[in-house]
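J.: Here it is, the structure in full.
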Amino acid sequence: MSQIKISNLTFAWPGSPDNVFEDVNLTLDTDWKLGLVGRNGRGKTTFLKLLAGGLAYIGSIQAVASFAYFPYEPLEAPATRGSLRLIMPQALDWQLERELSLLEVRADVLDRPISTLSPGERAKVLLAALFAGDDRFLLIDEPTNHMDAQGRRQLGRYLSGKKGFILVSHDREILDASTDHTLSINRADIT
């Protein structure tokens, strides 16, 4: 368990007169299963990208943990297993297969090209790779966009058994099933 300390975080998009975040102070725990909610355009994805180090900001974000962001674009290899190896070289085959099993995805998808997977399968496979990898704090942005109701329920069950992530979703059912804390980005503050 470690903490992520956010102090005096201020961020605005270049050329914008308004700040997306202004003087935000938060302490998050890396063991939390944190749901991040807010209306469209409030800065949920921006917040994740700030944590991941993808945007310049004023203030400080201090964390011992390293971050991994989802979704990400995998490199193409002849088989999905090879694509995942390029992302998570330290993950062993049995770890990937275990995570896929927990997501109720057949292990034979590892032998198919990643480009042949359905969008829902692809999302699950890419999440499985992140959870099979080293101990990182996962920043999961809208993983259910291309999943049917059954896939969303499977993902909710899967995430309920994990710890150490922030999940952005508009799907209340998956948030209720898989998170133990909620961070809400409002118009004037974060609660």
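The values are calculated or read from the model by the stated rules, or taken from the named source; none is laboratory data. Note that the structure is a prediction, hence the values are computed from the model and not measured. When we count neighbours, we look across all protein chains shown, and the Cβ atoms used for this are built from the backbone with ideal geometry, even at glycine. Note: accessible area is taken over every heavy atom of the protein model, side chains too, but ligands, DNA and RNA are not part of it. Shrake-Rupley method; radii C 1.70, N 1.55, O 1.52, S 1.80 Å.
J.: Carbon-plus-sulfur fraction of the accessible area of the chain, 1.4 Å probe, in percent?
T.: Working: 4730 of 9610 Å².
In the chain, the share of accessible area belonging to carbon and sulfur is 49 percent.
J.: If you don't mind, another one. Would you pull out the residues with amide H under 5 Å of Thr182's amide H, same chain only if 5 or more places away, H placed 1.01 Å from N?
T.: Amide H neighbours of Thr182, under 5 Å, 5+ apart: Gly35.
J.: Taking the dipole about the Cα centre of region 75-136, with the C-beta of Lys and Arg at +1 and of Asp and Glu at -1, give me whichever of Leu92, Ala132, Ser118 is farthest to the positive side.
T.: Ser118
J.: Just to confirm a number: summing +1 for Lys and Arg and -1 for Asp and Glu over residues other than Phe67 whose beta-carbon lies under 13 angstrom from that of Phe67, what do you get?
T.: -1
J.: Cross-link partners among lysines for Lys5, C-alpha distance below 24 Å, same-chain residues fewer than 8 apart left out?
T.: Straight-distance partners of Lys5: Lys33, Lys44, Lys49, Lys162, Lys163.
J.: If we sort 60-68, 169-177 on the protection proxy, mean other Cβ atoms within 10 Å, highest first, what's the order?
T.: In descending order of packing, they fall as 169-177, 60-68.
J.: Further question: Given springs between every Cα pair under 10 Å in a Gaussian network model of the chain, which of Thr80, Thr27, Thr46 has the largest fluctuation?
T.: Taking springs between Cα atoms under 10 Å, the residue moving most is Thr27.
J.: Just the C-alpha atoms of the chain: what Rg/Rh do they give, with Rh taken as the Kirkwood radius? Let's see the in-between values first.
T.: On the way: Rg = 17.0 Å, Rh = 17.3 Å.
Rounded to two decimals, Rg/Rh equals 0.98.
J.: Taking all pairs of distinct Cα atoms, average 1/r, flip it, and tell me the Kirkwood hydrodynamic radius of region 35-114 in Å to one decimal place.
T.: For region 35-114, the Kirkwood estimate is 15.3 Å.
J.: With N denoting the number of residues in region 106-167, provide Rg(C-alpha) divided by 2.2 N^0.38 Å, to two decimal places.
T.: Dividing the Cα Rg of region 106-167 by 2.2 N^0.38 Å gives 1.11.
J.: List, in order, the whole-Hz ³J(HN,Hα) value for each residue of region 32-43 obtained from phi through the Karplus relation with A = 6.51, B = -1.76, C = 1.60 and θ = phi - 60°; use x for Gly and Pro.
T.: 5, 9, 9, x, 10, 10, x, 5, 4, x, 7, x
J.: Something else now. Could you size up the charge dipole of the chain around its Cα centre, putting +1 on the beta carbon of Lys and Arg and -1 on that of Asp and Glu, and report it in debye to the nearest 20?
T.: The dipole magnitude comes to about 120 debye.
J.: About the Cα centre of region 72-111, how large is the charge dipole given +1 on each Lys and Arg Cβ and -1 on each Asp and Glu Cβ? Please answer in debye to the nearest 20.
T.: Using only the charged Cβ atoms, the result is roughly 100 debye.
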